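In what follows, a structure is listed as structure tokens, so that the remarks can point back to it.
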């Protein structure tokens, strides 16, 4: 019984810590003044981070960097890229990209 109670104490602590960190930006966001260069740079943050998150999934397949092994991922990414350019709709891009990946994996 002691292991379970310690587990829930740790989980509760992590939840409280995460909630306090995330809510601090909402509660105190107006009171914190950011420098101008940070305000100008923040819109580009997601554009810079997204390729860093996506490219390992595209170019590394089962620990190998051989691009030909995971070619269905690259093809699905190209299909999703074309859909995003054509429709400019995130939902369509996600759904068609996911479906194209699953179809290409079945082939």
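The values are calculated or read from the model by the stated rules, or taken from the named source; none is laboratory data. This structure is a prediction, so every number in the text was calculated from the model and none was measured. All Cβ positions, even for glycine, are placed from backbone atoms using ideal geometry, and neighbour counts span all protein chains on display.
A compact table of results
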{"read-out": "Failed condition for residue 82, given (1) under 28 Å from residue 107 (Cα atoms); (2) at pLDDT below 85", "value": "(2)"}
{"read-out": "Filter pass, residue 58 being under 30 Å from residue 81 (Cβ atoms), surrounded by 10 or more Cβ atoms within 10 Å (Cβ to Cβ) and in the same structural domain as residue 74 (by TED's automatic domain parsing)", "value": "yes"}
{"read-out": "Test: residue in region 62-73 that is at pLDDT 80 or above and touching a helix residue (DSSP H, G or I) at 6+ places or on another chain (Cβ under 8 Å)", "value": "yes"}
